[in-house]
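The values are calculated or read from the model by the stated rules, or taken from the named source; none is laboratory data. None of these values were measured; they are calculated from a predicted model. Cβ: placed from backbone, ideal geometry, glycine included. Neighbour counts: every protein chain shown. Accessible surface is based on the protein model in full, side chains and every heavy atom, while ligands, DNA and RNA are left aside. Shrake-Rupley method; radii C 1.70, N 1.55, O 1.52, S 1.80 Å.
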Amino acid sequence: MADRSSVAIIGAGIGGLAASAALRRAGIETVIYEQAPGFARVGAGIQMSPNAVRVLDGLGVGERVRQVAFMPPSWRNRDHDSGRMSNEHPLGPNAAAHYGVPYLLMHRGDLHAALHAAVPDGSIRYGHRLAGLDRSGRGVALRFADGAAVRADAVIAADGVHSVVRDRMLGAESPRFTGNAAYRATFPAARLDGRVLDDSVKWWGPDRHIVIYYVTGNRDEIYFTTSHPEPDWRMESWSAKGSLDDLRDTFSGFHEDVRAVLDACPDVHKWALFERDPLPRWSEDGVTLLGDACHPMTPYMAQGAATALEDAAVLSRCLADGGLEDPAMAFRRFEAARKPRTSEIQATSHRNEFMRRRTDPDWVYGYDAWTVELPAA
Ligand SMILES: Cc1cc2nc3c(=O)[nH]c(=O)nc-3n(C[C@H](O)[C@H](O)[C@H](O)COP(=O)(O)OP(=O)(O)OC[C@H]3O[C@@H](n4cnc5c(N)ncnc54)[C@H](O)[C@@H]3O)c2cc1C
């Protein structure tokens, strides 16, 4: 064995970085193995609802993200053609007062960079694609595509919706393609020639929608993400491009404010949307899944990364509480603490009705992963 670490994390996405940062704060060092060759800034926005911001604060990165993020005064929901507002949900100072932390909109790259900075650089091994794992013997043996091998006492698999660890644990089964694709782009707001838009809005059509918001505190960068039926497109890659003509055709029946944003957009990416039903179990012996690896969901509630952050905080509490002597027990406790909530969020996200009409989101935004009661060990 070439290397040894007590806790190995697979994947340096939002879930893996947050898990490493949370465990570090609990006095547990980790090594992250990431298949990508290095950190890349993906051109996308991300919503961080109060339940997520609470975790970021606990990880010590809340101030950093507040400095770059946009705090929208409200979240608007409009009918796609007439623009009739079906629900304007107050955010801004209202949400900050109600939840104790704000609702933030930001560039995904800024969030990722903040989490990355909370983890020592030397503890991330890039270019390590996990190929297999073996739980016979003491601990867990990890094998990487380039032939490298390590043994760890505990493994946290934050390797996303196509998790190889999930496949090893439960058998290979592709996630369910929703039949929908998402366009997304970020670009300078100056391209809109001074047109005044909603700060943050979801335009609801019969079988498609578009979400548009600013991702910087000074509103100089705008982002949109969509969903529309496209049964023949199954590529899921942050770098896959879409056609601007197809994008504009897809939303040609939408309100002129939407069309103005799409007309100003210089370049667009496209992503096929996958999901899974709740898994029968998340952990086995010294291995657990976390984030999209165990509860991938449609992005319609903007809770995928938020719940991965919550996972990280709760998992760190379970491991800190039980110590590393019996990680399997800590992982079972983690799953018991988390699965009812993430299953409900997966189902709600699938229905794609959240916030369309007047909604009380306290059950989602009010959750505090640092203090929520844990099941008995
Ligand atoms: C269009 C869109 C918009 C979204 N908007 C929001 C939003 O506003 N708010 C929100 O909370 N969520 C949002 N989400 C969901 C969010 O992006 C995901 O839930 C979140 O990124 C999951 O994080 P993760 O760390 O679990 O997985 P990932 O981000 O998928 O990270 C997995 C990591 O593991 C690595 N990896 C994979 N396999 C291996 C392997 N075999 N060996 C080593 N490394 C491996 C990958 O390279 C990657 O770095 C959105 C999703 C989409 C598609």
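Taking only C-alpha pairs under 8 Å that are 6+ residues apart, what is the relative contact order of region 7-126 in percent? If you can, show how the numbers build up before the last one.
Working: 182 pairs, mean separation 41.6, N = 120.
For region 7-126, the relative contact order is 35 percent.
Close amide-amide hydrogen proximity is noted between LEU91 and SER74, TRP75, each under 5 Å apart and 5 or more residues distant or on a separate chain (H modeled in the peptide plane; Pro and chain starts excluded).
The amide H of VAL287, built 1.01 Å from its N in the peptide plane, has VAL155 as neighbours under 5 Å, considering only residues 5 or more places off or on other chains. Computed over region 213-358, relative contact order equals 19 percent, with contacts defined as Cα pairs under 8 Å that lie 6+ residues apart.
Given charges of +1 on the Cβ of Lys and Arg and -1 on the Cβ of Asp and Glu, with all other atoms neutral, how large is the dipole of the chain about its Cα centre, in debye to the nearest 20?
On the way: 43 positive and 49 negative charges, 58 e Å.
Dipole size: approximately 280 debye.
How many Å² of accessible area per residue for the chain, probe 1.4 Å?
On the way: 15090 Å² over 377 residues.
Value returned for the chain: 40 Å² of accessible area per residue.
For the pair region 310-374 and region 153-200, the centres of their Cα atoms are 19 angstrom apart.
Applying the criteria of a DSSP loop state and at most 16 other Cβ atoms within 10 Å to the trypsin sites (Lys or Arg not before Pro) of region 10-60 yields ARG41.
For n ≥ 4 DSSP H runs only, could you compute -39500 (n - 2.57) per run for the chain, divide by its residues and tell me the 222 nm figure to the nearest 500?
Working: 11 runs with 117 residues, N = 377.
Mean residue ellipticity at 222 nm (helix-derived): -9500 deg cm²/dmol.
Within the shell of other residues whose beta carbon sits under 13 angstrom from the beta carbon of TYR367, the net charge comes to -3, with Lys and Arg scored +1 and Asp and Glu -1. Given +1 at the Cβ of Lys and Arg, -1 at the Cβ of Asp and Glu and no other charges, the dipole of region 134-204 around its Cα centre is 140 debye to the nearest 20. Ranking PHE177, PHE144 by solvent-accessible area of protein heavy atoms (1.4 Å probe, all protein chains present), from largest to smallest, gives PHE177, PHE144.
Only one residue of HIS228, VAL211, LEU279 has its Cα farthest out toward the positive end of the dipole of region 163-292, where Lys and Arg carry +1 and Asp and Glu -1 on Cβ, and that residue is LEU279. A cut-off under 11 angstrom between Cβ atoms defines the neighbours of PHE70, and their net charge, with Lys, Arg +1 and Asp, Glu -1, is -2. Normalising the Debye intensity of region 1-101 to I(0), with uniform scatterers on Cα atoms only, and taking log10 at q = 0.10, 0.14, 0.21 Å⁻¹ returns -0.44, -0.74, -1.16. Here region 45-204 is treated with +1 on each Lys and Arg Cβ and -1 on each Asp and Glu Cβ, and its dipole about the Cα centre works out to around 300 debye.
Net charge within 15 Å of MET297 by Cβ-Cβ distance, Lys/Arg positive one each and Asp/Glu negative one each, not counting MET297 itself?
Working: positive: ARG166, ARG176, ARG276, ARG338, LYS339, ARG341, ARG351; negative: GLU236, GLU275, ASP277, ASP292, GLU310, ASP311, GLU344, GLU353.
Computed value for this residue: -1.
Surface calculation, 1.4 Å probe, protein heavy atoms: THR178 sits at approximately 40 Å² accessible.
Whole-Hz Karplus values for region 112-120 come out as 4, 5, 5, 5, 4, 5, 8, 10, x Hz, taken residue by residue from phi with 6.51 cos²θ - 1.76 cosθ + 1.60 and θ = phi - 60°; glycine and proline positions read x. Roughly how many whole Å is it from the C-alpha centroid of region 230-281 to that of region 37-109? Result: 21 Å between the Cα centres. Taking the charge dipole of the chain about its Cα centre, with +1 at Lys and Arg Cβ atoms and -1 at Asp and Glu Cβ atoms, the residue from ALA113, HIS269, ASN94 reaching farthest to the positive side is ALA113. Ligands, DNA and RNA aside, HIS269 has an accessible area near 40 Å² when probed at 1.4 Å. The value for the chain of Rg(Cα) / (2.2 N^0.38 Å) is 0.98.
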